[in-house]
Structure formats: structure tokens, C-alpha cells
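Read through the structure below, which is laid out as C-alpha cells, and then see the notes.
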Amino acid sequence: MIKSLHARHHQLANQQRQLEILENGIFKSGQFPTFRKKLESTGYHSLKPSRIEIFQVNVGYMCNQVCKHCHVDAGPDRLEIMTRETMQQCVDVLAATKIKTLDITGGAPEMNPDFMWFVEQAHASGVGEIIVRSNLTILTANPKYHSLPEFFKANNVRVCSSLPFYNAGKTDRQRGEGVFERSIQGLRMLNEVGYGIPETGLILDLVYNPSGAFLPGNQEQLQRDFKIELKNHFDVDFNSLFTITNIPISRFLDFLIESGNYEDYMEKLITAFNPSAVEGVMCRNTISIDWQGNLYDCDFNQMLGLKTSKSAGQHISTFDLSQLESREIIIGQHCFACTAGAGSSCQGSTA
Amino acid sequence: MLRAFLTFGVKPFIMETYYNPADLKKFGNIGEWEENLAKKFFDWYGDVFKEGDLTAREKSLIALAVAHTIQCPYCIDAYTQDTLEKGVTEKAMMEAIHVAAAIRGGSSLVHGVQMMNKAKKISM
């Protein structure tokens, strides 16, 4: 298993270095327009939220996998973990604001020792919807995780899982040797308790991201292919497939640079800029919280250390919904990934 | 030449090639000299690749196979990317090229019958 950029003291483990790369080079030379310029050309002088509907909590960067494209740079060697106190603050905010959806991510969120406590508290406090972004292999990683499907069911959790392809070759090259086989086991465990099975009301969605420097294809068509292939070959069911564009930060940025694809990929994102995808970008209805309780416009900004604008408040302890809903969203060149083609978000395509 | 460059800063002669990958992105420029026909072509091209009785994915695979038959480097670049985006497996991509190659090879071989006909006709 490879180590995280962080553990290797790689230059791209440094958020500032990533931002320098993204701000300079092809953008500084004027070869390509910046994201701000592109936004302005479509009549947006700043990006403002619509309404905060999704409260996305990153409970830590620890993971049992080390995926080559991971924007979090997650892995077993990452020890940043949200405490129970911070989780309690999140539950309190959810109860006070009535934000509909709690979206729990990581890392492998299940590896946080207080993960189950957090889900139970949120469920008990009446949160409208709880999403857990599970990597599937965690369900088979250790006997203590085997009961997670039942736990998800008991707490009415919506499970959202990454599966970049319906065969082992592409999946394992991106996510690690043997990941596909264990992901299929995880999917079967979820199917067994009713997840992904029509009329159970237990939702199991899959997230597809391209296994390389190219954009995701049409979401509907890929969903159709995934449904046929996973059913025919593995007898696996799921609800919806969400396509996500790889964001040029962290390990995916490392891949782009190392493979000589960085400029071509950025050009592809810029050329595919879709003005109608701007309206639906997820930062307009999401707030992202890191393991220390800091606030961000999205999980990608979190990984770049770009907190919400100062005037809107930057920490869960001072969470003010109306201030946050009138904030200006922090943007950078990585944002081109969310506006390319059919648009991209944690809930799939947006345009 | 390289030594001259390193020693004296003389710019080495750069080999020109007929094909430049960057030219693919300029495909639309053909409209600069004949806008009307280019527009018709690109509109038609767009419609050809829409989902019909054939899926967009099947059409992309056909395009990849044809690209290898006509050996167009631009088309090979474009449809390698397009088939990957459409979630085609690498094995399927290679199978499509074998189909193209089999037709090409078969096309040569089936003319063997013509050769045999001719040879038989003029031979004693």
C-alpha cells in the first residue's frame, strides 16, 4: 500500500504549494482564463449560496485505503480525527438550524471511534437525512465493522459508496489491489439487509469517478451500464449512480503532474466550462466542516485550507446560518472541475 | 547539434511533423474559410453521435475502430478519450480494433480469390 503524500512529506501535502501550482503557470501566463474571469464572463461577479441544505462533516482523514486520486490524501497513516465534543457541536447546530441533510465523510468515517455515537445522536435529534460516504471495503476490513449494514439500517442512513468501475482492473488500479472484490462483498452485505433493493426504502447510491485524466461520461448512461454489469456478473443492486469529476488537487494533482497530463486536463475542464452548471454547484447549498470544526465552502476547499470568508464565521462554535447564507464563496482554479460538462457535485451531475 | 546548443546556445533544428496533437483542438477552425459547410458538417457530426438505436457508447466504439482503419491520429486520440469517458473497458476497446484489423486483413485476403481467378485464367 502506498503512503499518503502527507507521510511522504511530499510537496503537494502542503496546501500552499498546491494553491501556488493552481494559481501560477498556465493561469498566470494568461494562456487560460482564471475561474473568476470565466465566472464574470457569464454574468456572475461573485458566487453566493442559495440555501444551506447539506451539512457535510468530515470526521477525519484516516482510511483503510490509499486511493491514487484521493483529494483528501487519506490513508491509514492520517491521524486527524474529529472528537466527540466537535461532533456534539455539529449535532447542536443541526438541531438549531433544521438543515435537512447531514452528510458524513472522511477518510473512512467508520474508523472514527465516535462514528456510531455521532450517527445515533444525529438520528435521535431528528435530522431529516443522514448520508454516510462509505468506501465499502471498510465493511469487510475487520469483524467490528461487519454489523455496519444493520447499524445503517437502524439509523435510517443513506449509504453512498465509491465504485469507479464495474470490473476489478480499473477499480484496483485506482483504489488498490483487491479493492474491487472486497467492494463487491461490501455491496452484497448491504443488499442482504435491504440496501439498494427496490421498495425497502433503504438507499444505496454509487459514486463513479473517472480512472484517469478524463471527464465522466453521461451519468444516466453510465448508471445503465453499471446496473446491467453489476446485476449480471455479481447479482448486486443499487439505486443511483452519481458521476463526479476528479478535482485537480492533492493526489490527483500529483498524478496529473507526474503523468504530464496537468495542462491538458485543465484545458479540458476550461473548454468544457458549462455556464448552466454554475447554478447547481454544491458549494451553493453545502457547508463543509473539518475534524477540528472549521468551516469551508466544500470538501475540496477544506483540503486546500480555504476556509469560509472571515465575515461569515469560520468555526462550528460560531455557526451563524444567516451570515453563512449571505457569504461570498471562496473560489480557485480547481473549481473548473465542478462546472465542466454536465457539472459535478457530491450528488452527481448538476446540469 | 545538441552539443552545439549546449555549448554555444545555438538553437537546434526542430523536426517538423505533419501531425501535431494540438491541431485537434483547432478542428473548429476549418469554419474560418468555409463557414456554411463547416457548420453543416459539425451539426451533422453532433447528430450522428447522439443516442439512437445504437447507444452513444456503441457509436464511440465504432468510431474508435474506424479511426484505426483510416489510421487518423486525431481520431484515435479523440475516441480513446471518448470511449474511456463512456466507461468502455480497455478489453472492449482492443476487441473493437481487432474487428477493424480483421476486416482490413480479410479485405486483402478475400482479394486472393481474384488473384486465383486471374492466375487460373491465364495459366495452362
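Taking the DSSP bridge list for region A:52-145 and keeping only pairs wholly inside it, about 10 percent are antiparallel.
In terms of overall dimensions, the C-alpha atoms belonging to region B:57-124 reach 59, 21, 15 Å along their principal axes, ordered largest to smallest.
Using the Cβ-Cβ distance between residue A:144 and residue B:97 with R0 set to 41 Å, the FRET efficiency works out to roughly 0.30.
I'd like the FRET efficiency for residue A:97 and residue B:25, computed as 1/(1 + (r/R0)^6) with the beta carbon distance as r and R0 of 45 Å, rounded to 0.05. Taking R0 as 45 Å, the efficiency between residue A:97 and residue B:25 is 0.45. For the pair residue A:123 and residue A:322, a Förster radius of 25 Å applied to the C-beta separation gives a FRET efficiency near 0.40, rounded to the nearest 0.05.
Cross-link pairs exceeding 31 Å in C-alpha to C-alpha distance, out of A:68/A:98; A:144/A:170; A:37/A:100; A:38/B:40; A:144/A:310, comprise A:68/A:98; A:37/A:100; A:144/A:310. Computed over chain B, the alpha-carbon pair-distance distribution with 5 angstrom bins reads 2, 9, 11, 13, 13, 11, 9, 8, 8, 7, 4, 2, 1, 0, 0, each value a whole percent.
The modelled label-to-label distance for the pair residue A:279/residue A:44, using points 7 Å beyond Cα in the direction of Cβ, is 1.2 nm.
Here region A:180-244 and region A:284-309 have alpha carbon centers that stand 28 Å from each other. Counting only residues at least eight positions apart within a chain, or on another chain, the lysines with an alpha carbon under 18 Å from that of residue B:39 are B:25, B:26, B:50. Based on DSSP H segments of at least four residues, each scored -39500 (n - 2.57), the protein assembly as shown has a per-residue ellipticity at 222 nm of -13000 deg cm²/dmol.
Each principal axis of chain A carries a Cα extent, and these read 54, 46, 39 Å when sorted largest first.
Each value in this text was obtained by applying a stated rule to the coordinates, not by laboratory testing. It should be emphasised that the depicted structure is a prediction, and the values quoted were computed from it without experimental measurement. Here the Cβ is made from the backbone with ideal geometry for all residues, glycine too, and neighbour counts use every protein chain on show.
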